[in-house]
Structures are given as C-alpha cells and as structure tokens.
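J.: Below are the structure tokens for one structure; questions will follow.
The values are calculated or read from the model by the stated rules, or taken from the named source; none is laboratory data. Nothing here was measured: the structure is a model prediction, and the numbers come from that model. As a convention, Cβ positions derive from the backbone with ideal geometry for all residues, glycine included, and neighbour counts pool all protein chains shown.
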Amino acid sequence: MIRLPASLERRLAELFPRVREREQFVAGIIEDALESQPERTEPLPEAIGGTLHLFTDGGSRGNPGEAAIACILEDPARGVTLREHGERIGVETNNVAEYRALIEGLKLAEEYHPNRLVCHLDSELIVKQLNGEYRVKMATLDPLFREVQERSMLFPDIVFRHIPREDNYRADALVNRALDAHAARPHMPRASSGGQMRFGI
C-alpha cells in the first residue's frame, strides 16, 4: 500500500474507520487518475545511467543565413547510438545554431538520466564560453548560454569538450542533410560547423 503523509492518514481514518474502506477509496482515486491520463504512443526511454556521449553541431549557409542543428546521443558502453536528431531552424548565425544544437541534445539526454554526460562540440568558442574561459559578449547568445547552464544542472556530472571538425562528421552530415532537404536555392555551398563554408571540388 502507498504510504501517505500522517495528516492524510488521520483524515482518512476519520472518514473511513475500516482499513479495507480506506484502501478501496485510495485505490479508486489512483485508478481514476491513471485512466484520465492520455496514452503514451512512444515507449519510455531506457534509464541508462553510466556515461553517455553527446555530439552536437550547428551550421548556417551565410552568417546569418539558413541554419540547421544536429545532435547524436551515444552509449559508449554498449557501442550504440541512442538518438539522432537534425532540423532546420530558419535564419540564424552559426553561433546561435551551435548553442541551439547543444540545447536540443541536452533535452534528449535528460530522458536517459546519465550519471555523466560528455558533450562534444567542434565550436571552440562555445566550449570555452561554457567552461568559463571566454565571456559571452553577444546579447543574442546570452539567453542560450544561460539555458545551457540551467539544463546542465540536471546532470550529476557534465563535461564540454572541443573536438576537431573531422571527428564530428556525423553531426555535420545531419546538419547539411537538413539544409539540403529544405534548400531554397540550388548550388548553395555546404554549411560546416562554426559557420565556415566548405566547397566541394
């Protein structure tokens, strides 16, 4: 039986002197509450614990320009990718895209309750801002920086690491795929992280 606060137990005892009646009353309330909840169509994610790795990337074709974000959540212990996500976010700067990609990745990671989350970004600027080495000077980045800080508090241990762009190729590919799917004009240069342009040969 569910343990209730002492004050509620006393009140229920006054209303229902018999134990069986109290239990039936409480069970009825719980059943009604559960039946009123909408059915969840997606299964709940498995609670992983341990260490998870998050790879995020944001890019824009122009600065500002059409932008997209991507994030990949991995469980290194099992060698599996848990989630992948990429989407276009409209016209933004590359730094805004980098922050928004990280925020989306943190939202995904929250569902798995890792004990430690290692975030890999190829934007040295964003990593140094998050690690306190650089100040956030742009007003447009400040609310995003603060949101990352707030979401970081939900993890027992979180680390932000800078990685070379070539080591973040999967997230970069998701960014470009999202932009290619919604390209307004043909023959646009491909976006790369940090807002730099990469031209195919």
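J.: For residues in the range 89-136 being touching a helix residue (DSSP H, G or I) at 6+ places or on another chain (Cβ under 9 Å), among the charged types (D, E, K, R) and touching a residue at least 24 places away in the same chain (Cβ under 8 Å), which is surrounded by the most Cβ atoms within 10 Å (Cβ to Cβ)?
T.: Once the filter is applied, the top-ranked residue is Glu98.
J.: Also: Among the candidates Gly49, Gly59, single out the residue that is surrounded by 12 or more Cβ atoms within 10 Å (Cβ to Cβ) and at pLDDT below 95.
T.: Numbers: Gly59 fails: at pLDDT below 95.
Only one candidate passes the filter, namely Gly49.
J.: Hey, Pro156 hits all of (1) surrounded by 13 or more Cβ atoms within 10 Å (Cβ to Cβ); (2) touching a residue at least 12 places away in the same chain (Cβ under 8 Å) but one; which does it fall short on?
T.: Result: Pro156 passes all but (1).
J.: In the range 62-82, what residues are closer than 14 Å to Lys107 by Cβ and surrounded by fewer than 17 Cβ atoms within 10 Å (Cβ to Cβ)? Reasoning before the result, please.
T.: Taking the range 62-82 first, the residues closer than 14 Å to Lys107 by Cβ are 69-73, 82.
Within the range 62-82, no residue meets the criteria.
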